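Working notes, beginning with the structure itself.
The values are calculated or read from the model by the stated rules, or taken from the named source; none is laboratory data. In this text the structure is predicted, and so the values were computed from the model without any measurement. Don't worry about glycine lacking a Cβ; one is built from the backbone with ideal geometry, like all the others, and counts go over all protein chains shown. Heads up: the accessible areas ignore ligands, DNA and RNA and are worked out on the full protein's heavy atoms, side chains in. Shrake-Rupley method; radii C 1.70, N 1.55, O 1.52, S 1.80 Å.
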Amino acid sequence: MNNNCQIKKLYSEFPLLLDLESQKYVFWINRKLQQQKVTSKQVSMKDVEEAAARLARFSSYLKVAFPETAISNGIIESNIKEISNMKKLIEGRRAIRIPGRLLLKCDHALPISGSIKARGGIYEVLKHAETLAIQHGMLSMRDDYSILNEKRFKELFSQYKITVGSTGNLGLSIGIISAKLGFQVTVHMSADAKQWKKDLLRSQGVEVIEYEEDYSVAVANGRKEAEGDSTCHFIDDENSKDLFVGYAVAALRLQEQLTTNKIKVDAKHPLFVYLPCGVGGGPGGVAFGLKQIFGPNVHIFFGEPMQSPCMLLGMMTGLHDEIAVSDIGLTNETEADGLAVGRPSKFVGTLMEPMLSGCYTVDDSFLFRSLKAMYEQENIFMEPSAHAGVFGPIQLLCEGQQYIEEQGLQPYLQNAVHLVWSTGGNMVPEHLRQQYLQTEV
Ligand SMILES: *Cc1c(COP(=O)(O)O)cnc(C)c1O
């Protein structure tokens, strides 16, 4: 989209575009949200359950290949944690009250790659490995998958290639798991990708190709590399159903954790979930799973950087991947490297249309203030991108009154749980943590 006339028409139809363009805080309520439970032709809960079963089959492999997963029996999962000190700090600083409880979903601490990408990314590579091993008659679904750690499997996988385009964390997850299994793996990294991520991957034998352009270009080149090569599997961050269902497994696990912690979710006990959003696959997968389980009792909001509100833009206008943040004059430049995406996934945006409650934007200076506060108050380090979730409850309470009223939630806010999804941080090296903590905003 770069036809001036079309853009002008959009501005008159969606006045919020002006606020996005002038970098005001935007809280957008999705008018296409449906109350009843919505299913999809493209993805079903059965797919998500199959993915959970596949991850369970792989647990014996992960336990031996990544000893750090032994304590969780080879299951890649994170805790939920109440962050009361952070809650008090926010209430004090903002002079607001956050009714209900404030919890953190600790995906920054996921084993193997320390970000939400350890869900979808690792899942898709494992599924691909399973398919190949079964095709070659070397594996059956009833086997103990720890045999995949044997040399003969590495020899098999070394004849195959995996490629991906990424702003960093997806590349990290795909690179680490693919190299461990024995695949030849190439990661196409956008200009935003941090140097340490490239260094770490190269140290594990991953080929890293660097670009001076943004995410979309890195992805397009990954896709091109795989074209016409039947031995090469392209992990498509914009369109992959496997990635998506890998992320969605988180919903089944969260349901269990809520039950264990005696946290009710029903019409009188609303659950609000705030997820940082880049291209959409990670937060979209989680949102899909949660909506399938909790229906109208879960309210999901995506947070995006002011310079990269691609999902908000695509969903609000209904144009999805036919519009980019540059079309409204935004740069897609942000310190939230994991969210530096200018054009959203159409696959995810369309799926989210009847499910997502809304989106909001957040500026980089909030991300750094939150990073410091979370470290000081809760002793938790999360990378800048992950703090886009923290802004969610603040914006809902300050700007989202209309949503609360329309949904009839006011009487039940006391019983609410606000779950901030922390999407990354554990792999960030110490020197960079110090740098982030000292960033003046
Ligand atoms: C990738 C990423 C996200 C967003 O996931 P998308 O699938 O790109 O929407 C959020 N936070 C972090 C830290 C990430 O790396």
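Of note, Gly222 satisfies the criterion of being in contact with a Ser or Thr (Cβ under 6 Å, 6 or more places away or on another chain) and within 20 Å of Pro344 (Cα to Cα).
Every residue, every condition in (1) surrounded by fewer than 16 Cβ atoms within 10 Å (Cβ to Cβ); (2) without any contact (Cβ under 8 Å) to a residue 24 or more places away in the chain; (3) hydrophobic (A, V, I, L, M, F, W, C); (4) out of contact with any His (no Cβ under 7 Å at 6 or more places or on another chain), yes or no:
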| site | (1), (2), (3), (4) |
| --- | --- |
| Ala70 | yes, yes, yes, yes |
| Ile76 | no, no, yes, yes |
| Ile80 | no, no, yes, yes |
| Ser84 | yes, yes, no, yes |
| Gly92 | yes, yes, no, yes |
| Ile112 | no, no, yes, yes |
| Ala118 | no, no, yes, yes |
| Tyr123 | no, no, no, yes |
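Residues that are under 30 Å from Lys127 (Cα atoms) and surrounded by fewer than 22 Cβ atoms within 10 Å (Cβ to Cβ) are absent from segment 265-287.
Yes or no, residue by residue, for (1) within 24 Å of Pro296 (Cβ to Cβ); (2) within 21 Å of the chain's Cα centre (by Cα):
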residue: Arg31; (1), (2): yes, no
residue: Met45; (1), (2): yes, yes
residue: Ser59; (1), (2): no, no
residue: Phe66; (1), (2): no, no
residue: Lys87; (1), (2): no, no
residue: Ala95; (1), (2): no, no
residue: Ile98; (1), (2): yes, no
residue: Ala118; (1), (2): no, yes
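Can you give me the number of residues within segment 249-271 that are within 21 Å of Arg119 (Cα to Cα) and either in contact with a strand residue (DSSP E or B) (Cβ under 6 Å, 6 or more places away or on another chain) or polar (S, T, N, Q) (or both)? Of the residues in segment 249-271, 2 are within 21 Å of Arg119 (Cα to Cα) and either in contact with a strand residue (DSSP E or B) (Cβ under 6 Å, 6 or more places away or on another chain) or polar (S, T, N, Q) (or both).
Scanning segment 225-241 for residues that are within 19 Å of Ala118 (Cβ to Cβ) and crowded, with 19+ Cβ neighbours inside 10 Å turns up His233, Ile235, Asp236, Asp237, Ser240.
Annotation: Ser308 fulfils all but one of (1) assigned to a loop (DSSP other than H, G, I, E, B); (2) in contact (Cβ under 8 Å) with a residue 40 or more places away in the chain; (3) within 16 Å of the ligand (Cβ to nearest atom); the unmet one is (2).
Restricting to segment 414-440, count the residues that are among the hydrophobic types (A, V, I, L, M, F, W, C) and either part of a loop (DSSP other than H, G, I, E, B) or surrounded by fewer than 17 Cβ atoms within 10 Å (Cβ to Cβ) (or both). Residues flagged as among the hydrophobic types (A, V, I, L, M, F, W, C) and either part of a loop (DSSP other than H, G, I, E, B) or surrounded by fewer than 17 Cβ atoms within 10 Å (Cβ to Cβ) (or both) within segment 414-440 amount to 5.
If you go through segment 177-225 one residue at a time, how many are part of a helix (DSSP H, G or I) and among the hydrophobic types (A, V, I, L, M, F, W, C)? Adding up the residues that qualify gives 10. The number of residues in segment 326-340 being touching a residue at least 40 places away in the same chain (Cβ under 8 Å) and more than 18 Å from the chain's Cα centre (by Cα) comes to 4.
Inspection of segment 168-176 finds a residue satisfying the criterion of being at positive phi and either open to solvent by less than 10 Å² (accessible area, probe 1.4 Å) or part of a helix (DSSP H, G or I) (or both). Using the structure shown, decide if Leu139 is more than 16 Å from the ligand (Cβ to nearest atom), at pLDDT 95 or above and in a loop (DSSP other than H, G, I, E, B). Here the answer is yes, as Leu139 does meet what is asked.
Checking each residue in segment 16-50 for being part of a helix (DSSP H, G or I), touching a helix residue (DSSP H, G or I) at 6+ places or on another chain (Cβ under 6 Å) and of a type outside the set (A, V, I, L, M) picks out Glu21, Asp47.
Would segment 236-248 turn up any residue that is away from the ligand (no atom under 16 Å from the Cβ) and either in contact with a strand residue (DSSP E or B) (Cβ under 6 Å, 6 or more places away or on another chain) or in a helix (DSSP H, G or I) (or both)?
No, segment 236-248 contains no residue that is away from the ligand (no atom under 16 Å from the Cβ) and either in contact with a strand residue (DSSP E or B) (Cβ under 6 Å, 6 or more places away or on another chain) or in a helix (DSSP H, G or I) (or both).
The residues on offer are Gly295, Gly222, and the sole one that is in contact (Cβ under 8 Å) with a residue 12 or more places away in the chain and either touching a Phe, Trp or Tyr at 6+ places or on another chain (Cβ under 6 Å) or outside the structural domain of Ser422 (by TED's automatic domain parsing) (or both) is Gly222. Got at least one residue in segment 208-218 being within 12 Å of the ligand (Cβ to nearest atom), crowded, with 23+ Cβ neighbours inside 10 Å and in contact (Cβ under 8 Å) with a residue 12 or more places away in the chain? Checked against the condition, which is being within 12 Å of the ligand (Cβ to nearest atom), crowded, with 23+ Cβ neighbours inside 10 Å and in contact (Cβ under 8 Å) with a residue 12 or more places away in the chain, segment 208-218 yields at least one hit. Selection within segment 157-166: residues that are closer than 15 Å to Asp236 by Cβ and open to solvent by less than 10 Å² (accessible area, probe 1.4 Å). The member of this set that is nearest to the ligand (Cβ to nearest atom) is Ser166.
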